[in-house]
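Notes follow the structure.
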């Protein structure tokens, strides 16, 4: 009898739990600004630029400022299609050079890598009728995730894991 009980329990698959799609609510107040480095992707803005993000809820947009408080560009909440975090692993320039030296054990320097945390924003720019992807480097993963959650909520996007997206409009 015990064999039959355990035999049937092995054949019955476990009940799958649905993915939790409820947005996370942060108990802490948001910081006034989020320090980041722009790496490219916005039309009309070239080169890497250190600065910070601020939310402009009155105009329903997120704004990126340079260190000297000059506005570089803004992205309207309604233009955002997808936002998500990304991590890129890379070997530092010094480690890369040392790993190529003809010395015993120098190749091990190429194994030391660092992680960079990025915010990726896919947007649909209505001014030029083009889609684009912008990336921003954050130093702190917690701050990055806090920013993504806040932006996703303000832009009224749907959450999927740590990413947020704007669902397609149904074609009827």
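The values are calculated or read from the model by the stated rules, or taken from the named source; none is laboratory data. Please read all numbers here as calculations on a predicted model, not as lab measurements. All Cβ positions, even for glycine, are placed from backbone atoms using ideal geometry, and neighbour counts span all protein chains on display.
Condition test on residue 28, is it modelled with pLDDT of 90 or more and surrounded by fewer than 16 Cβ atoms within 10 Å (Cβ to Cβ)? Before the answer, list the steps.
On the way: modelled with pLDDT of 90 or more: no; surrounded by fewer than 16 Cβ atoms within 10 Å (Cβ to Cβ): yes.
The answer is no for residue 28.
Residues that are closer than 25 Å to residue 29 by Cβ and at pLDDT 70 or above do occur in the range 120-132. If you go through the range 128-157 and keep only what is out of contact with any helix residue (DSSP H, G or I) (no Cβ under 8 Å at 6 or more places or on another chain), in contact (Cβ under 8 Å) with a residue 12 or more places away in the chain and loosely packed, with under 15 Cβ neighbours inside 10 Å, you end up with 128, 130, 131, 133, 139, 140, 141. All told, residue 13 falls short of being over 27 Å from residue 166 (Cα atoms), over 28 Å from the mean Cα position of the chain (by Cα), modelled with pLDDT of 60 or more and part of a loop (DSSP other than H, G, I, E, B). In the range 153-172, the qualifying residues are those that are outside any loop (DSSP other than H, G, I, E, B) and within 11 Å of the chain's Cα centre (by Cα), and the one that is farthest from residue 56 (Cα to Cα) is 163.
One line per residue, one yes/no per condition, for (1) at pLDDT below 90; (2) over 24 Å from the mean Cα position of the chain (by Cα); (3) surrounded by fewer than 17 Cβ atoms within 10 Å (Cβ to Cβ); (4) under 22 Å from residue 158 (Cα atoms):
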position	(1), (2), (3), (4)
83	no, no, no, yes
88	yes, no, yes, no
97	yes, yes, yes, no
103	yes, yes, yes, no
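Only residues that are more than 25 Å from residue 124 (Cβ to Cβ), assigned to a loop (DSSP other than H, G, I, E, B) and under 18 Å from the mean Cα position of the chain (by Cα) were counted in the range 31-76, giving 2.
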